[in-house]
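Undergrad: Sharing a structure with you now.
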Amino acid sequence: MILITAATGQVGSQAAQELLQAGTPVRAFVRDPSRATALSGAEVVAGSFEDDASLARALDGVDAMLLAGCDSPDAVGQHRRVLDHARRAGVWHIVKLSAIGAAPDSPVALMREHHEVDEEVRQGPATWTLLKPHLFMQNLLRAAETARLDGTVAAPMGDERFPLVDTRDVGAAAAVVLADPDAHTGQTYVLTGPAAHTYDEVAASLSAVAGRPVAYEPVSPEVYEARLLAAGLPDWRAFDLAHIASAYAPADRVVTPIVQQLLGRPPRSLSEFLQDHRDAFHPTNAEPVQTR
């Protein structure tokens, strides 16, 4: 049995769907079963990383698992609890969703937390594979409203290039690894899109689907953080989002061939992603965008 945690999230849901379509038994661990409608055929277990009883139920009889979770100040402790249960249950392979830029000295707490959990996964006794994607293209959906209404996309990304990756490709890569863990034991896979883009280029691509000119508004991390706080985001989340660019060294912004190698096809491009989500950005047919 393969367990997918955070199975209604962007990566977990895609991984589960890919495995189910291949006829692989999947158990989906979710907080809210009503959100698991896309996982037809999966065994759904309701629970959370804070609930020991639900973790024991979810991990019973599991051979391999995708360990993914929501960002939280308690993420390290929550993931350690899951790993403790996985050890007791005898899980023999763990695929951990990490991130490019995960490091013990990162200026961003999210990356320090990823590194800490990654190191614990490496300690075993289960074998492991680490998936390290770059920034998700789906994060651009947060800018859909301002792109439609104001013709701007504000971000604290400077003029650097970033190889954004589609979460659908990350989930598909996770499914490939989970379907044959032995072939990927001990590997760290750095997952990127097919090209690195500046946010001026992102804005130009948005213009093509928004039906109006869209300009990049570069803002400082401090200004961006203040805007997020004013919008009601918690301080830890606002800081990480505002300073995320500082988490990436030049080597972290290099395109890799790993998605192509795992999936046997190129990763989705930025233009493909935007075409697939054009309704979110076009003012005449847009619907409210929900992200997580």
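The values are calculated or read from the model by the stated rules, or taken from the named source; none is laboratory data. Note that the structure is predicted; figures quoted are calculated from it, not measured. Neighbour counts run over all protein chains shown; Cβ positions are idealised from the backbone, glycine included. Heads up: the accessible areas ignore ligands, DNA and RNA and are worked out on the full protein's heavy atoms, side chains in. Shrake-Rupley method; radii C 1.70, N 1.55, O 1.52, S 1.80 Å.
Undergrad: Which residue out of Ala53, Ala28 is in contact with a Gly (Cβ under 9 Å, 6 or more places away or on another chain) and without any contact (Cβ under 8 Å) to a residue 12 or more places away in the chain?
TA: Matching residue, one of Ala53, Ala28: Ala53.
Undergrad: Under the condition of being small (Gly, Ala, Ser) and in contact (Cβ under 8 Å) with a residue 60 or more places away in the chain, which residue from the range 56-84 is most open to solvent (accessible area, probe 1.4 Å)?
TA: Gly61
Undergrad: Among the residues of the range 17-41 satisfying the criterion of being outside any loop (DSSP other than H, G, I, E, B) and under 19 Å from the mean Cα position of the chain (by Cα), which is surrounded by the fewest Cβ atoms within 10 Å (Cβ to Cβ)?
TA: Looking at residues that are outside any loop (DSSP other than H, G, I, E, B) and under 19 Å from the mean Cα position of the chain (by Cα), I get Arg35.
Undergrad: When you check Phe273 against the structure, is it in a helix (DSSP H, G or I), aromatic (Phe, Trp, Tyr) and farther than 19 Å from Arg161 by Cβ, yes or no?
TA: Considered against the rule, which asks whether it is in a helix (DSSP H, G or I), aromatic (Phe, Trp, Tyr) and farther than 19 Å from Arg161 by Cβ, Phe273 comes out as no.
Undergrad: Of (1) assigned to a helix (DSSP H, G or I); (2) small (Gly, Ala, Ser); (3) crowded, with 17+ Cβ neighbours inside 10 Å; (4) in contact (Cβ under 8 Å) with a residue 24 or more places away in the chain, Ala238 satisfies all except one. Which?
TA: In the conditions (1) assigned to a helix (DSSP H, G or I); (2) small (Gly, Ala, Ser); (3) crowded, with 17+ Cβ neighbours inside 10 Å; (4) in contact (Cβ under 8 Å) with a residue 24 or more places away in the chain, Ala238 misses (4) alone.
Undergrad: Suppose we filter the range 146-155 for residues that are touching a helix residue (DSSP H, G or I) at 6+ places or on another chain (Cβ under 9 Å) and surrounded by fewer than 21 Cβ atoms within 10 Å (Cβ to Cβ); how many remain?
TA: 4
Undergrad: Given the conditions (1) free of Cβ contacts under 8 Å to residues at least 60 places away in the same chain; (2) surrounded by 17 or more Cβ atoms within 10 Å (Cβ to Cβ); (3) in a loop (DSSP other than H, G, I, E, B), and given that Gly124 satisfies all but one, which numbered condition is not satisfied?
TA: (2)
Undergrad: State yes or no: is Leu110 within 23 Å of Gly171 (Cα to Cα), surrounded by fewer than 19 Cβ atoms within 10 Å (Cβ to Cβ) and touching a residue at least 60 places away in the same chain (Cβ under 8 Å)?
TA: no
Undergrad: A further question follows. Report yes if Ser246 is over 21 Å from the mean Cα position of the chain (by Cα), farther than 30 Å from Asp63 by Cβ and open to solvent by 30 Å² or more (accessible area, probe 1.4 Å), otherwise no.
TA: Against the criterion (over 21 Å from the mean Cα position of the chain (by Cα), farther than 30 Å from Asp63 by Cβ and open to solvent by 30 Å² or more (accessible area, probe 1.4 Å)), Ser246 does not qualify.
Undergrad: Which one of these does Glu116 not meet: (1) within 22 Å of Asp200 (Cα to Cα); (2) open to solvent by 50 Å² or more (accessible area, probe 1.4 Å)?
TA: Looking at each condition in turn, Glu116 falls short on (1).
Undergrad: While we're on this one: Just to be sure before I move on: is Thr146 modelled with pLDDT under 95, outside any loop (DSSP other than H, G, I, E, B), more than 22 Å from Ala16 (Cβ to Cβ) and of a type in the set (Val, Ile, Thr) in the structure I sent?
TA: Answer is yes for this residue.
Undergrad: Checking the conditions here, which among Pro266, Pro257, Pro213, Pro194 is under 20 Å from Ala155 (Cα atoms), open to solvent by 40 Å² or more (accessible area, probe 1.4 Å) and out of contact with any strand residue (DSSP E or B) (no Cβ under 6 Å at 6 or more places or on another chain)?
TA: Pro213
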